[in-house]
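> Handing you a structure now.
The values are calculated or read from the model by the stated rules, or taken from the named source; none is laboratory data. Quantities reported herein were computed from a predicted structural model and do not represent experimental measurements. Please note: Cβ atoms are built from the backbone with ideal geometry, for glycine as well, and neighbour counts cover all protein chains shown.
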Amino acid sequence: MNTQQALELGAQILQLQSLMIAFVADGRTKEQPAEYRELFAWVQIGLEASKYAHPNPHRSLEVFSAFCKLQEMKTYASRRTYVEELYSDILLDLKRIQAHKPTPKNWAKANDALSDELSLVRVQWLKAKNFIVAAAPDFENSVKESISSVESCLMILLKEPNGTLGKLIKRAGLDEDIERLISQAYGFASNKDFVRHGGTNDSQLGKEEAEFFLEFSGSAIVYITTKLKRASTDT
């Protein structure tokens, strides 16, 4: 994705968000539903082309309005916050592209691997990157989301939604040395304060560790998805 494409997609998302907020915040018009459906389709196309998972499940404003009532979002402020958070990670990444910030080396390969039933894992993968490049970086949560994205891949591919990486990795049939590396990375994240659990000491994780885990997890995702998908077609 180039700068112009990032700018155009970001503008479409902001317009879509404006329609959503207006429809459930006392700014409703009869033209909005049709405008929303058309714009939603264009945003969907743009996101798919750019390897983003679409975080917005509401294909119509009527469905979104019903969702707000079901979730008891009684105030305009709560609805606005929900809408803003839906696309926050994608918009942050689009700003990074517009600012010509470098992309992690394994970003494209990992995104390609996270297709079909794995598309929702892209949300974790994107969060892991954005925690590093945000104005207020959160390196601990970046490491957590990086390793969690590997765990999620295993859960989905092995059809074990309640499994943990430590147990699932032993069922995956991976190279023993690579299995050991991934398990050690998971153990590292589990043992560090404020990553997978709370802590009592100040965290020593910095940008270098967060970037390492982002790249390592990208490599692990590509390897695991390729290996397991190939195994499923061979059986």
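> Residues in segment 133-140: is at least one over 15 Å from the mean Cα position of the chain (by Cα) and assigned to a helix (DSSP H, G or I)?
yes
> Further question: May I ask you to list the residues in segment 20-55 that are aliphatic (A, V, I, L, M) and under 24 Å from ILE97 (Cβ atoms)?
Once the filter is applied, which keeps residues that are aliphatic (A, V, I, L, M) and under 24 Å from ILE97 (Cβ atoms), segment 20-55 yields MET20, LEU39, ALA41, VAL43, ILE45, LEU47, ALA49, ALA53.
> Quick test of your reading of the structure: TRP107 fulfils all but one of (1) modelled with pLDDT under 95; (2) outside the structural domain of VAL123 (by TED's automatic domain parsing). Name the failing condition by number.
(2)
> Can you pull out every residue in segment 159-192 that is of a type in the set (S, T, N, Q) and outside any loop (DSSP other than H, G, I, E, B)?
Scanning segment 159-192 gives SER183, GLN184, SER190, ASN191.
> Among (1) surrounded by 14 or more Cβ atoms within 10 Å (Cβ to Cβ); (2) hydrophobic (A, V, I, L, M, F, W, C); (3) under 20 Å from LYS30 (Cα atoms), where does LEU86 come up short?
Of everything listed in (1) surrounded by 14 or more Cβ atoms within 10 Å (Cβ to Cβ); (2) hydrophobic (A, V, I, L, M, F, W, C); (3) under 20 Å from LYS30 (Cα atoms), LEU86 misses just condition (3).
> Is segment 205-215 home to any residue that is over 18 Å from ASN106 (Cβ atoms), assigned to a loop (DSSP other than H, G, I, E, B) and either modelled with pLDDT of 85 or more or not basic (Lys, Arg) (or both)?
yes
> Please verify whether LEU94 is touching a Leu at 6+ places or on another chain (Cβ under 9 Å) and not β-branched (Val, Ile, Thr), treating the condition exactly as stated.
So LEU94 passes the test.
> Search segment 1-60 for residues being small (Gly, Ala, Ser), outside any helix (DSSP H, G or I) and surrounded by fewer than 16 Cβ atoms within 10 Å (Cβ to Cβ), and hand back the single one that is modelled with the highest pLDDT.
SER60
> Looking only at segment 184-204, filter to residues that are surrounded by fewer than 20 Cβ atoms within 10 Å (Cβ to Cβ) and aromatic (Phe, Trp, Tyr); which one of those is modelled with the lowest pLDDT?
Per the criteria, the residue is PHE194.
> Here's something else I'd like to know. For segment 60-94, which residues satisfy the criterion of being closer than 27 Å to ASN130 by Cβ and among the acidic types (Asp, Glu)?
GLU84, GLU85, ASP89, ASP93
> Taking the residues in segment 70-80 that are surrounded by 12 or more Cβ atoms within 10 Å (Cβ to Cβ) and among the hydroxyl-bearing types (Ser, Thr, Tyr) as candidates, determine which candidate is nearest to VAL123 (Cα to Cα).
Selected residue: SER78.
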